[in-house]
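Trainee: Right, I'll just put the structure down here and ask away after.
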Number of protein chains: 2
Amino acid sequence: MDLFVKVFKALGEPTRLKILRILSVRPMYVCELESVLNISQPRISQHLRVLKEAGVLREAKEAQKTFYMLNGDIIERVFGDFIQFLGEDIGKLPGFEKETARIANLDSDSCVQSCKNVNSAGS
Amino acid sequence: MDLFVKVFKALGEPTRLKILRILSVRPMYVCELESVLNISQPRISQHLRVLKEAGVLREAKEAQKTFYMLNGDIIERVFGDFIQFLGEDIGKLPGFEKETARIANLDSDSCVQSCKNVNSAGS
DNA sequence: TTATTATATAATAATATCCTTATATTGTGA
DNA sequence: TCACAATATAAGGATATTATTATATAATAA
């Protein structure tokens, strides 16, 4: 799930989406992105790092320059995995053990805050 | 593009992803989510609002209760639209006019900051 | 009407994100 | 080596997000 969060967080920012869209035209150097986007170089570098760390971009160093490109069809794959994640039997998902158990225990009284536990206190 | 940002931002948060995953088992009342997730009610309500405003969830009021459910296959549709957005001819995208023009003007000197403009200043 | 249930909203503090300015790093050519 | 080009990183302030606590709203039942 952490990967989903990371990727969606990376995509959920307008400047990064613009960078992605530009790089989907063709791979570019940072300095080219700077010309195209007309925003500051550190700002671009920082966003590129987030996208790279999410696995969405790859980089290729060429002398002083760095070439950035979309990382294959990773976005499609993550999207597919996410749809699958939503459709999967929740009992099979790691990290949802407690939730699965609590869903199984949901009964019609689940929403009644009143004296549910008072009587079971025994005396 | 704003819609993409809104949806990805909504998905890019662990608690909201958990809520989504739980609601993909079946629609639930807020109080049921509270039992299942074991987190505070305001926290759940606030996340539900974000998801609803992104269009990912729908709600149905039933007396005092509110029933929340996944909004059909909107996620799949947004994902599909986004892949299409990335593949589209950038010249056809609203909001990318300037970038399109600047890409067209990129030349081999695009990365040379030096005296590009000095000579053209005329004298 | 009054109390209670279910939910939403408001206010606040803690944390995270984003952008800018400044500086560091690394490679290249003079 | 020295200067510079290209990029990355660091530090700072401004803003946004998240979670908590407290309160408001709205429906229902007594």
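The values are calculated or read from the model by the stated rules, or taken from the named source; none is laboratory data. Note that the structure is predicted; figures quoted are calculated from it, not measured. Neighbour counts are summed over all protein chains in view; Cβ atoms, including those assigned to glycine, are modelled from backbone coordinates with ideal geometry. In case anyone asks, the SASA skips ligands and DNA or RNA and just uses the protein heavy atoms, side chains included. Shrake-Rupley method; radii C 1.70, N 1.55, O 1.52, S 1.80 Å.
Trainee: With the requirement that a residue be open to solvent by 10 Å² or more (accessible area, probe 1.4 Å) and free of Cβ contacts under 8 Å to residues at least 24 places away in the same chain, what does the range B:1-17 give you? Please lay out each step first, then the result.
Mentor: Step one: of the range B:1-17, the residues open to solvent by 10 Å² or more (accessible area, probe 1.4 Å) are B:1-6, B:9, B:13-16.
Selection gives B:ASP2, B:VAL5, B:PRO14.
Trainee: Can you tell me which residue within the range B:59-79, out of those that are of a type in the set (D, E, K, R) and not in a helix (DSSP H, G or I), is nearest to A:ILE83 (Cα to Cα)?
Mentor: Initial filter on the range B:59-79 (of a type in the set (D, E, K, R)): B:59, B:61-62, B:65, B:73, B:76-77.
After this cut, where a residue has to be not in a helix (DSSP H, G or I) as well, the list is B:59, B:61-62, B:65, B:73.
Working: B:GLU59: 21, B:LYS61: 27, B:GLU62: 29, B:LYS65: 28, B:ASP73: 10 Å.
Checked the range B:59-79; the qualifying residue nearest to A:ILE83 (Cα to Cα) is B:ASP73.
Trainee: Looking at B:ALA54 and the list (1) over 15 Å from the mean Cα position of the chain (by Cα); (2) more than 7 Å from chain A (Cβ to nearest Cβ), which single condition is not satisfied?
Mentor: Going through the list (1) over 15 Å from the mean Cα position of the chain (by Cα); (2) more than 7 Å from chain A (Cβ to nearest Cβ), B:ALA54 breaks only (1).
Yes/no matrix, rows are residues, columns are (1) within 17 Å of the chain's Cα centre (by Cα); (2) facing chain A (nearest Cβ under 7 Å):
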{"position": "B:PHE8", "(1), (2)": "yes, yes"}
{"position": "B:LEU11", "(1), (2)": "yes, yes"}
{"position": "B:PRO14", "(1), (2)": "yes, yes"}
{"position": "B:VAL25", "(1), (2)": "no, yes"}
{"position": "B:CYS31", "(1), (2)": "no, yes"}
{"position": "B:GLU34", "(1), (2)": "no, no"}
{"position": "B:ILE44", "(1), (2)": "no, no"}
{"position": "B:HIS47", "(1), (2)": "yes, no"}
{"position": "B:VAL50", "(1), (2)": "yes, no"}
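Trainee: Say we look at the range A:97-112 and pick out the residues that are facing chain B (nearest Cβ under 7 Å) and modelled with pLDDT of 95 or more; which of these is surrounded by the most Cβ atoms within 10 Å (Cβ to Cβ)?
Mentor: Filtering the range A:97-112 for residues facing chain B (nearest Cβ under 7 Å) gives A:99, A:102-103, A:106, A:110-111.
Now drop any that are not modelled with pLDDT of 95 or more, which leaves A:99, A:102-103.
On the way: A:GLU99: 21, A:ARG102: 17, A:ILE103: 18.
In this case the residue turns out to be A:GLU99.
Trainee: Suppose we keep only residues that are open to solvent by 30 Å² or more (accessible area, probe 1.4 Å) and touching a helix residue (DSSP H, G or I) at 6+ places or on another chain (Cβ under 7 Å) within the range B:27-37. Which one would you say is farthest from DNA strand C (Cβ to nearest atom)?
Mentor: B:SER35
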